[in-house]
Amino acid sequence: MGLERLAMACQGVDSIFKTDLFQPIIKKTCNLFNVEYKDYEASLNIIADHVRGLTFALAEGVHPSNEGRGYVLRQILRNGALQGQRIKRIQQKNRLDNDNYESFLYKLVNVVCEVMKGAYPELLERQEQVSQIIRSEEESFSRTLERGMEMLNEIFVGANPPEAEVRPSISGKEVFRLYDTYGLPPEIVVEKAREKGLEVDMEGFEREMAEQRERGRAASKFEQGTTLKISVGEDISVGEKVGAVITNQSIIPSKFVGFNKNKVEARVMGWRKVENKELLILDQTPFYAEAGGQLGDMGKIYGEDFAIEVVDTQKSEFGNLHIGKITKGTIVTKTSLPVFAEIDVARRASIMRNHTGTHLLHSALREVLGSHVRQEGSLVAPDHLRFDFAHYHPLSRDEREQIETLVNEKIWENLVIETFETSYEDARREGALAYFGEKYGDRVRVVKIGDFSKELCGGTHLRFTGEMGLFKLVGETGVAAGIRRVESLSGEGAYAYIQRQEETLRHLSEELKVQPLEVGERLEKILEEKRVAEERLARMEEKLASIQAIRLVGKTNVVEGVRVLTSKVDSDRIESLRMMADELRGRLQEKSLGVLGCEMNGKAVFLAFVTNDLTSRIKAGDLVREVAKIAGGGGGGGGNLLKTLRSFETQCTPLKCV
């Protein structure tokens with residue numbers, strides 16, 4: 001029957017939304033809007049259902065985005081938000097002067113967590129983060145709605161020009177674009193259009209929606225892949241995709257021995273050629289296959305008469321799959337070919353520094369920012385590490401410094417790094433952190449760094465933190481709502497980064513003719529001098545604009561009772577052109593309009609102004625568009641500018657030109 005229907009039967013109610021699974025959420029929503037459940041039952045039910053789904057999905061690590069499941073999540077959030085907007089509109093009897101959205105969904109997260117914490121205690125761990133992500137999305141949606149309303153108003157202006165004899169309807173395509181891009185509900189478009197006396201093509205909108213649903217169904221279909229089967233040592237035709245899994249049932253699963261060995265003698269258990277690359281399965285290997293964010297090993301596999309440069313290692317059904325190219329001889333096609341497998345030791349060492357750095361970074365982030373921090377993805381490469389984590393605002397400079405210092409302190413303490421296997425339950429009981437999206441068996445591998453870090457991890461690590469040498473946090477940015485990303489360097493990479501910074505500082509100090517530690521002070525002085533010079537320039541431009549405006553005031557012509565001014569002026573900055581237009585508008589005061597033109601960087605630039613008493617009938621933007629039409633959408637030198645301005649003045653009938 002499902003939990004909700006069982007609860008409905010046990011509690012003697014006629015709807016799942018009247019059970020104690022939903023009622024606390026609904027009551028909180030009623031309090032927020034100061035309404036009764038019976039008056040807005042449908043909208044309140046939708047809000048409760050959607051916020052519960054959002055809370056669970058976000059707690060599981062799914063985040064709003066513009067594609068895939070993230071897009072579905074974003075649409076669920078927006079639909080719930082719009083139900084709140086609907087309640088608000090009905091409350092105010094559709095007389096909203098401004099359809100501003102007020103965030104409220106995030107305020108319901110704590111109720112969902114409280115209701116479900118008995119069965120899902122992990123919700124409480126992520127309550128704050130989930131709430132912040134929803135709030136961030138709601139605020140973003142509010143801005144999107146505002147842009148949607150602006151677009152709707154532009155559509156209204158285009159659909160209802162003053163000289164139009166017939167008022168056309170708003171097309172279905174336009175309604176769909178407002179809904180799909182800006183989240184503007186069709187009912188709002190209909191309400192606003194009705195106020196303007198316009199019809200809305202809802203049939204066209206439904207057709208667009210149907211096409212969108214069909215596109216969604218087509219995009220969601222799974223494509224069947226091709227399973228390639230070969231015998232040991234059999235070559236296949238060139239053109240198959242690199243990375244295809246060898247599926248010979250006679251192959252014994254490969255054994256990974258790379259935690260303790262960099263080179264082993266092994267035997268080839270499966271081989272094939274794909275797009276000029278060799279794919280090999282060995283009975284044992286020191287090559288780590290890409291997993292958990294750590295890149296696969298590189299190195300070489302060689303025998304008596306051949307050598308292969310391994311450029312990547314990936315997981316396959318039968319163990320680690322070595323991908324490479326022959327650099328010497330050819331592979332002899334016989335069963336159990338003996339070879340030597342040797343990893344690139346220097347590259348592996350760099351990867352291990354960054355992987356150990358990832359664990360130290362994770363613990364430092366939790367200590368500085370709070371226990372809500374949780375890994376959401378990582379990349380462990382030889383030259384850098386990238387770490388995505390749950391957090392709801394950018395890191396401050398002080399926070400970044402604390403995190404970097406804490407990691408380096410643990411490096412200098414030279415903590416012992418231990419690895420051991422235990423049961424998943426015991427590992428979690430002992431406080432080991434589990435990475436997002438990973439699936440664990442009964443036995444797990446734990447990496448413990450002193451008393452500072454303990455995580456489940458199958459990757460390769462150092463023996464002591466001191467082997468990292470140095471840690472440098474070099475970047476931090478947002479990648480999704482509630483998800484931050486930091487990039488860091490360790491060891492040689494961190495040292496090289498600092499050297500590049502020192503070289504830049506040395507170059508600046510030589511150019512500024514000061515000591516390196518005095519560069520900051522000197523730059524501040526230069527910026528202050530620049531600010532003073534810009535203020536002086538602005539005052540001079542204002543005076544010049546005023547002088548030019550005084551000379552132009554007497555050059556107006558009267559057309560149908562409106563003074564019209566057109567002139568080519570000298571200006572190389574749009575700001576000074578605006579100052580001149582403001583000065584003219586102030587001096588002409590009433591029943592006046594004008595268009596100024598100047599040449600900037602070889603292009604004609606026009607700026608129009610209209611006095612306040614004419615703005616209800618004539619828009620400055622429309623004047624500029626008319627001039628642009630006469631100018632052919634562009635301009636050239638002074639002669640073309642003058643011709644354009646004179647042509648506009650000759651054609652100008654102020655009350656018709658818009």
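Just a few scattered comments:
- Diffusion constant of region 444-494 at 4 °C, which comes from Stokes-Einstein with the Kirkwood Cα-pair radius and 1.567 mPa s, µm²/s: 98
- Gyration tensor (alpha-carbon) shape descriptor, region 359-439, a/c threshold 1.5: prolate
- Summed over the residues of the chain and divided among them, the accessible surface reaches 54 Å² per residue at a probe radius of 1.4 Å.
- Cut-off 14 Å between beta-carbons: net charge of the residues surrounding A48, Lys and Arg +1, Asp and Glu -1: 0
- Cβ-based net charge around E425, under 14 Å, with every Lys or Arg adding one and every Asp or Glu removing one: -1
- Taking 0.36 nm per residue of sequence separation and removing the Cα-Cα distance, the M151/V514 pair yields an extension gain of 125.3 nm.
- Trypsin sites (Lys or Arg not before Pro) within region 465-537, DSSP loop, no more than 13 other Cβ atoms inside 10 Å: K513
- Cross-linked pairs K300/K448; K277/K300; K263/K410; K555/K603; K27/K107: Cα-Cα separations exceed 21 Å for K300/K448; K263/K410; K555/K603.
- Apportionment of accessible area to carbon and sulfur, the chain, percent (1.4 Å): 48
- For a label point 7 Å along the Cα-to-beta-carbon line of K263, residues of region 278-317 with backbone N under 13 Å: 300-303
- For R485, neighbours were defined as the other residues whose beta-carbon sits under 12 Å from its Cβ, and their charges (Lys and Arg +1, Asp and Glu -1) total -2.
- Computed E for E524/E399 - FRET, C-beta separation, R0 25 angstrom, nearest 0.05: 0.55
- Backbone amide hydrogens, once placed in the peptide plane, bring G377 within less than 5 Å of D388, excluding anything fewer than 5 places away on its chain.
- In order along region 256-270, the Karplus-derived 3J(HN,Hα) couplings, from 6.51 cos²θ - 1.76 cosθ + 1.60 at θ = phi - 60°, round to 8, 10, x, 5, 10, 10, 9, 9, 9, 8, 9, 10, 6, 9, x Hz, and Gly and Pro are given as x.
- Under the simplified labelling scheme, the K315-R506 pair shows an inter-label distance of 4.6 nm, with each label point 7 Å from Cα along Cα→Cβ.
- Residue by residue, region 103-118 carries 3J(HN,Hα) couplings of 4, 8, 4, 4, 6, 9, 4, 4, 5, 4, 5, 5, 5, 9, 5, x Hz when phi is fed to the Karplus relation 6.51 cos²θ - 1.76 cosθ + 1.60 (θ = phi - 60°); x denotes Gly or Pro.
- Here r is the Cβ-Cβ distance between V532 and E409 and R0 is 35 Å; the resulting FRET efficiency, rounded to 0.05, is 0.20.
- Here the peptides 178-184, 276-282 are ranked by packing, the mean other Cβ count within 10 Å, and the order with the highest first is 276-282, 178-184.
- Counting only Cα atoms, the size of region 287-411 along its three principal axes is 60, 28, 19 Å, in decreasing order.
- Under 5 Å between amide hydrogens, built in the peptide plane, is the criterion, and for Q284 it picks out K255, R267 among residues at least 5 positions away or on other chains.
- Annotation for E418 and A346: the two label points, set 7 Å from Cα along the Cα-Cβ direction, are 3.5 nm apart.
- Nearby aspartates and glutamates by direct alpha-carbon distance to K472 (threshold 13 angstrom, same-chain neighbours under 8 apart not counted): D383, E401, E404, E409, E487, E492
- Segment E191..N612, full-extension length gain: 148.5 nm, with 0.36 nm per residue of separation and the alpha-carbon distance subtracted.
- Magnitude of the charge dipole for region 475-544, about its Cα centre and with charges confined to Cβ atoms of Lys, Arg (+1) and Asp, Glu (-1), is about 180 debye.
- Full-stretch length increase - D39, V558 - with 0.36 nm per residue and alpha-carbon distance subtracted: 180.7 nm
- Rounded to the nearest 10 degrees, the inclination of helix 620-630 to the longest alpha-carbon principal axis of the chain is 90 degrees.
- The chain, helix-only ellipticity at 222 nm - DSSP H runs n ≥ 4, -39,500 (n - 2.57), divided by all residues, nearest 500: -15000 deg cm²/dmol
- Residues in region 595-601 carry Karplus couplings, in order, of 10, 9, x, 8, 9, 10, 6 Hz; the curve used is 6.51 cos²θ - 1.76 cosθ + 1.60 with θ = phi - 60°, and Gly or Pro positions show x.
- Under-5 Å amide H pairs with D312, H placed in peptide plane, nonlocal only: I323
- Gyration tensor (alpha-carbon) shape descriptor, region 16-123, a/c threshold 1.5: oblate
- On Cα atoms only, tilt of 345-369 relative to the major axis of the chain in degrees: 60
The values are calculated or read from the model by the stated rules, or taken from the named source; none is laboratory data. Here the structure is a predicted model, which is why all the values come from computation and not from measurement. Note that each Cβ is placed from the backbone with ideal geometry, even for glycine, and that neighbours are counted across all protein chains shown. Please note that ligands, DNA and RNA were not included when accessible areas were found on the heavy atoms of the full protein model with its side chains. Shrake-Rupley method; radii C 1.70, N 1.55, O 1.52, S 1.80 Å.
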